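A quick write-up on the structure given underneath.
Please treat every number below as a calculation from the coordinates, not as lab data. Keep in mind that what you see is a predicted model, and the values were worked out from it rather than measured. FYI the Cβ positions are ideal-geometry reconstructions off the backbone, even for glycines, and counts take in every protein chain you see.
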Amino acid sequence: MADVTDAFERASDAVGEARESAGERALGGDDRGQLMLVAALAIAVLLVGLVLTLNTAIYTENLATRTTDTNLDGAVAHGGAVEAGAGTLLDEANREGGTYGELADRFDETFGNWSDAAATLAAVRGAATDASYVDHVEGTRISQTDAARNFTDRNETADWTLASDVGVRGVRVNVSRDSLATSRGSAFELVVDDGTDAVETEIYRNTTQGRVFVAVEDAGGTRTTCSVAADAGDYVTVDVADGRLNGTVCDPLDAVHTDLDGAVTVTYRNAAEAEGSYELYVDETNATVFDATKYASAGSGSSPVAQEALYAVTVSYVYESGETYVSREVRVAPGEIA
Amino acid sequence: MTVARAQAHALEALVAAMVLLASVTFALQVTAVTPLTASTSSQHIENQQAAVGDGVLTAAAETGALKRTVLFTHPENGSFYGIDARGYYVDGGPPTAFGAMLDESFSDRGIAFNVYLHYLRDREARRTTRLVYMGEPSDHAVSRTRLVTLTDDDALTEPGTSPGGDPRAVETPKTLESVDAAADEEYFVQDGNAGPLYGVVDVEVVVWRM
């Protein structure tokens with residue numbers, strides 16, 4: 001520093017001959033350089049301060065445009081998982097059979113296990129969850145497990161009504177490809193009728209191509225089809241409520257949801273033209289639905305069977321994370337029609 | 001003269017100290033403000049990626065594609081189909097409908113993802129299996145999860161094709177119950193419950209920009 005100041009001193013000596021007096025020298029050129037330096041530093045500090053202020057403004061703007069509403073994604077996803085899990089376990093519990101009391105106890109216990117496992121897994125993400133069984137709706141499971149039998153009733157009547165004026169859910173058919181009729185006219189038909197409108201689902205095959213067709217005639221009488229290729233296995237599954245043919249989306253089946261309203265009647269026609277297994281659930285008790293001319297009792301070894309089953313369950317769940325608390329009751333009836 | 005110069009020196013020292021402190025403060029501020037500054041990521045993009053992750057998981061769970069992918073294992077050794085000795089997929093999703101959804105949503109857009117399967121052993125010890133592992137996620141990765149319920153009657157799946165010709169997982173006759181009972185067959189989750197519930201698997205998707 002001293003060297004620089006001396007250099008300034010020499011320079012000002014050479015230029016300003018007039019300011020030679022000692023008094024002027026103390027305030028003059030000798031110290032001006034140093035003051036300029038100090039002023040420059042002060043301006044630098046100001047600029048730094050300005051940058052900091054602007055930076056804060058940008059950051060504030062960023063904070064302000066972030067979503068500030070309560071994040072419910074976790075709660076919504078958990079609610080979906082509860083419904084899906086309870087639905088799967090409900091049908092699993094139903095398939096094992098028993099009285100309404102036994103079924104409810106089995107579902108309660110199984111769902112309790114599910115809740116424990118889900119809570120342990122969710123705890124890692126900082127969420128406390130709990131789910132429990134609340135109530136159920138008694139119903140009937142109509143099913144056939146003998147894959148080599150046709151879809152006729154117990155007395156082998158080909159055109160028969162499975163249940164009248166009922167809520168229906170979970171209609172699933174697993175049909176043998178070779179047993180199907182080769183033309184639509186004589187094909188096996190599943191009719192769901194709500195009294196004013198009816199949706200008819202026909203299943204048949206094409207002998208030359210070997211494809212299996214599902215033709216759906218909606219309430220307006222329009223017929224649309226979807227099909228499965230010949231090499232897709234000996235059995236073809238149709239999930240009517242889920243709208244799936246062999247696991248692939250079959251849009252025409254959506255008619256059972258869009259065209260029907262309220263209680264329905266389920267009827268089979270040309271039931272001798274299809275062999276395989278099927279199941280569906282209706283919301284009337286087994287005492288009402290069971291008819292010895294149509295059905296065999298559970299455990300008799302004959303088909304088809306009508307047995308006690310839970311049509312729907314009500315479950316409650318709680319989801320609590322740092323910022324949210326969600327408590328809900330949901331009714332679970334997987335694959336409900338109309 | 002000497003007096004005036006000392007004052008200037010003192011002032012200069014003070015200002016220099018302030019500059020030094022301000023620089024340190026500024027440097028600290030800069031590192032804290034990653035969004036919207038010169039960073040590869042921003043909060044909005046993270047929100048967007050998290051939402052897409054949620055959407056993919058929800059859609060896959062709704063169609064059953066998620067569960068079929070979780071069950072996409074060899075019955076002999078419990079490992080996934082079409083992977084090498086590492087035990088997980090590295091260059092994209094598995095050859096299933098869920099894998100195709102992941103590829104289309106993320107890796108085709110230059111976004112990396114890992115998929116982990118968390119489950120419980122003996123009903124309390126949490127275990128994790130990697131399904132897809134593209135590497136260590138960066139600091140601005142986001143994660144989304146979805147619970148999948150497995151029952152005793154759920155069947156393992158194997159490679160197949162959809163009517164459109166795309167690879168997907170198709171069901172085999174082997175149920176989890178039968179695989180658990182057979183001595184020479186296994187699945188990576190064990191049956192932890194006496195009832196029809198087999199187990200619960202938490203599928204976690206971690207997403208980040210490459």
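Values for this structure:
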{"quantity": "Stokes-Einstein D in µm²/s, Kirkwood radius over Cα pairs - region A:79-152 at 10 °C with 1.306 mPa s viscosity", "calculated": "112 µm²/s"}
{"quantity": "Viscosity 0.890 mPa s, 25 °C: Kirkwood-radius Stokes-Einstein D of region B:38-112 over Cα pairs, µm²/s", "calculated": "178 µm²/s"}
{"quantity": "Karplus 3J(HN,Hα) series, Hz, for region B:157-173 with 6.51 cos²θ - 1.76 cosθ + 1.60 (x for Gly, Pro)", "calculated": "10, 9, x, x, 10, 7, x, x, x, 7, x, 7, 8, 10, 5, 9, x"}
{"quantity": "Between helix A:2-15 and chain A: long-axis angle, C-alpha atoms, 0 to 90°, nearest 10", "calculated": "50 degrees"}
{"quantity": "Alpha-carbon radius of gyration plus Dmax, which is the widest Cα pair, for region A:161-233 in Å", "calculated": "13.4, 40"}
{"quantity": "Order by protection proxy (mean Cβ within 10 Å, highest first), peptides A:216-226, A:131-141, A:238-248", "calculated": "A:238-248, A:131-141, A:216-226"}
{"quantity": "For B:TYR88, A:TYR204, order by how many other beta-carbon atoms lie within 10 Å, fewest first", "calculated": "B:TYR88, A:TYR204"}
{"quantity": "Rounded if a/c under 1.5, otherwise prolate or oblate - region A:156-278, Cα gyration tensor axes", "calculated": "prolate"}
{"quantity": "Relative contact order [Cα under 8 Å, 6+ residues apart], chain A, whole percent", "calculated": "25 percent"}
{"quantity": "Rh (Kirkwood; distinct C-alpha pairs) - region A:238-336, Å", "calculated": "17.0 Å"}
{"quantity": "Shielding by partners - mean other protein chain Cβ count within 10 Å, residues of B:187-196", "calculated": "4"}
{"quantity": "For B:ASP166, B:ASP152, A:ASP231, order by how many other beta-carbon atoms lie within 10 Å, fewest first", "calculated": "A:ASP231, B:ASP166, B:ASP152"}
{"quantity": "Footprinting exposure proxy for A:TYR268, A:TYR325 (fewest neighbouring C-beta atoms within 10 Å first)", "calculated": "A:TYR325, A:TYR268"}
{"quantity": "The protein assembly as shown - Debye-derived log10 I(q)/I(0), Cα point model, q = 0.08, 0.10, 0.12, 0.13 Å⁻¹", "calculated": "-0.64, -0.91, -1.20, -1.34"}
{"quantity": "Helix-derived mean residue ellipticity, 222 nm - over chain B, DSSP H n ≥ 4, -39500 (n - 2.57), to 500", "calculated": "-11500 deg cm²/dmol"}
{"quantity": "Cα-derived Rg to Rh of chain B, Kirkwood definition", "calculated": "1.31"}
